[in-house]
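The values are calculated or read from the model by the stated rules, or taken from the named source; none is laboratory data. What you see is a predicted model, and the numbers here were worked out from it, not measured in a lab. Every residue, glycine as well, gets a Cβ built from its backbone with ideal geometry; the counts of neighbours run over all protein chains shown.
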Amino acid sequence: MYTNFFYALRQEGIPVSITEWMTLMEALSVGLANSSLSGFYYLGRAVLVKSESHFDQYDIAFQKYFKGIETPQQLLDQVSQWMENPLPPRMFSEEERNELLRKLGLPDWDSLKAALEERLRTQDGPHHGGGNWIGTGGTAMFGNSGFHPGGVRIGGESHGQSAVKVASERNYREYRNDKTLGVRQFEVALRRLRQFSTRLDGVKDQLDLEDTIDETCKNAGRLKLVWTRPRKNSVKVLVLMDVGGSMIAYANICSQLFSAVHKSSHFKDLKFYYFHNCIYDFLYYDARIHPRNAIKTEDLLRSLNSDYKLVIIGDAAMAPSELIMRGGSIYWDVDNEEAGITWLQRIAKKFPYNVWLNPISERYWGLYHGYETIAMVREMFPMYELTLEGLDQAIKKLMVRK
C-alpha cells in the first residue's frame, strides 16, 4: 500500500529506508493515522523524515502523490459556499451536486436543506459546543470551528485544513539544505573552517588534562600537572565578493554574508575585499568600488602567504571580453593591463585552498548566453552553489589537505 509514495519520497531526495517504511506500515496497521489523510501526513513525516531540512521535499512529494484526492473538508467547503449563495446556476451543476451528496453520504440535496431549515426554525439563539444546534466548537452537522465527519461549515474559517492543502503551503521551504543562505547558517558553516593549534608563542597556562593523567600514572599515582598553551584557531581566510551589475539581484544575501563574515571572530586572520564582475589590477575595501579606496591586487598577493583559504562569491556571469581581453574592465574607466582570466589564474595558483560560491542555481550555469564565462571560471576554481548544501561541500573542499 502506498508503495509509489515511497518512490516519490526517494525521487525528491529524501533518504527513506526500507526499515522506516515498514515502521510506517506497522503504525498504519494499528490505526495511528486515525483513518484520515491529515493523520497520515503527520504520521508519515514523523516516521520517515529524519531532518527538518527535508520537510519541504516531503510536502512536495505528498502534494504530488495525493493531489487528486479530495478530502472531506474540501467537499464541505464547496457545499457551504453553494448554500450561502445557491442561486447562480453556474456554481454547481446537478451532477456535481449529486456527486457531492454521494461523497458526503447524504440521501439527497433536499434532505440536506430540510435538515438545515429545521435547525434554523427551532433554534432560538447562539450555541457553542454540543452536537445538535448550529454553533461553534461542537460536533453538530452545521456550524464552524468544530468537527463532524459529514458536517457543513456555516460562517467562520476552516480550522481542519486538509493534508494536501497543508502540504501545498510549503511552510518548511526555508529549512531546505539547498536553499540560499542566511546570516546564521553562514556563521555556523564558517566555524567549521576552524583548525586549532597549540604551536603558538605564549604562556603555558592551560591544564592539559590527558597529559596530566598520563604523567601522573607514570609517576606512580603522584599528581603531576602538565600545562600547555591555549588552543587557538590557526585558519586565515580571504573573502572576495562580486558587487554591482548582475549581482544586484543578490544584494540581500550578499549583505547577510557580509554581516556573518564580519561577525566571525574565530579566525587567526580574516580579510574581505570587493570586485566587479572579474578581478583585475585592483581590489576594493568597500562595495562602492571607488579607486581611492582600493589596493593593488599585486600588492595583496605579495603580502599574503599561500596558507589563506580563499572564498570568492560571485555569479561569474559577464561578457567574455571582460574575462579574456586586456582592457575588458567596464568599471570606473579602469584600463586593466592584463586580462581578468590572467589575474584569476594567478590568484588560484597563489591560494591553492580556494572555492567559488555562485548565487546562480547550478542548473542555469550552462544554459544562457553570457554564462559561458561560468564554465571558464570553473576550470580555475571549484565552484559550488551559494546554498546550504553548496556551502557544506565548499567547506569540505577547503579542509582537504593538499
Tyr353 being under 20 Å from Gly244 (Cβ atoms), over 22 Å from the mean Cα position of the chain (by Cα) and either at pLDDT below 95 or not charged (D, E, K, R) (or both)
no
With the checklist (1) within 30 Å of Ser234 (Cα to Cα); (2) modelled with pLDDT under 95 in hand, flag the one item Met383 doesn't pass.
(2)
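So which residues in the range 42-62 are of a type in the set (Lys, Arg) and in a helix (DSSP H, G or I)? Even if it seems obvious, please write down each step before you answer.
Kept after step one, since they are of a type in the set (Lys, Arg), are these residues of the range 42-62: 45, 50.
Arg45, the sole residue that qualifies.
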Any chance Ala317 is out of contact with any Phe, Trp or Tyr (no Cβ under 8 Å at 6 or more places or on another chain) and assigned by TED's automatic domain parsing to the domain that holds Ala249:
no
Output for the range 314-343, where each listed residue is outside any loop (DSSP other than H, G, I, E, B) and of a type in the set (A, V, I, L, M, F, W, C)
Leu323, Ile324, Ile341, Trp343
Asn336, sole failed condition from (1) surrounded by 20 or more Cβ atoms within 10 Å (Cβ to Cβ); (2) on the phi > 0 side of the Ramachandran plot:
(2)
So Gln345 clears everything in (1) polar (S, T, N, Q); (2) out of contact with any strand residue (DSSP E or B) (no Cβ under 8 Å at 6 or more places or on another chain); (3) modelled with pLDDT under 95 except one condition, right? Which one?
(3)
When you look at Asp211, is it assigned by TED's automatic domain parsing to the domain that holds Ala339, of a type in the set (Asp, Glu), modelled with pLDDT of 85 or more and on the phi < 0 side of the Ramachandran plot, yes or no?
no
Is there a residue being crowded, with 18+ Cβ neighbours inside 10 Å, among the polar types (S, T, N, Q), over 21 Å from Ala319 (Cβ atoms) and outside the structural domain of Ser51 (by TED's automatic domain parsing) anywhere in the range 372-379?
no
Which of (1) of a type in the set (A, V, I, L, M); (2) surrounded by fewer than 16 Cβ atoms within 10 Å (Cβ to Cβ); (3) closer than 27 Å to Ile360 by Cα; (4) at pLDDT 85 or above is the odd one out, the single condition Met247 does not satisfy?
(2)
Could you check Arg346 against (1) more than 28 Å from the chain's Cα centre (by Cα); (2) more than 22 Å from Val235 (Cα to Cα); (3) in a helix (DSSP H, G or I); (4) not hydrophobic (A, V, I, L, M, F, W, C) and say which number it fails?
(2)
Just give me the residues in the range 14-46 being loosely packed, with under 14 Cβ neighbours inside 10 Å and within 20 Å of Gln63 (Cβ to Cβ), in sequence order.
Pro15, Ala46
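Looking for whichever is of a type in the set (Val, Ile, Thr), more than 29 Å from Glu389 (Cα to Cα) and either touching a strand residue (DSSP E or B) at 6+ places or on another chain (Cβ under 8 Å) or at pLDDT 55 or above (or both) here; the options are Val49, Val30. Which one fits?
Working: Val49 fails: more than 29 Å from Glu389 (Cα to Cα).
When all the criteria are applied, what remains is Val30.
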Which members of the range 277-313 meet the condition of being among the polar types (S, T, N, Q) and not in a loop (DSSP other than H, G, I, E, B)?
Asn293, Thr297, Ser303
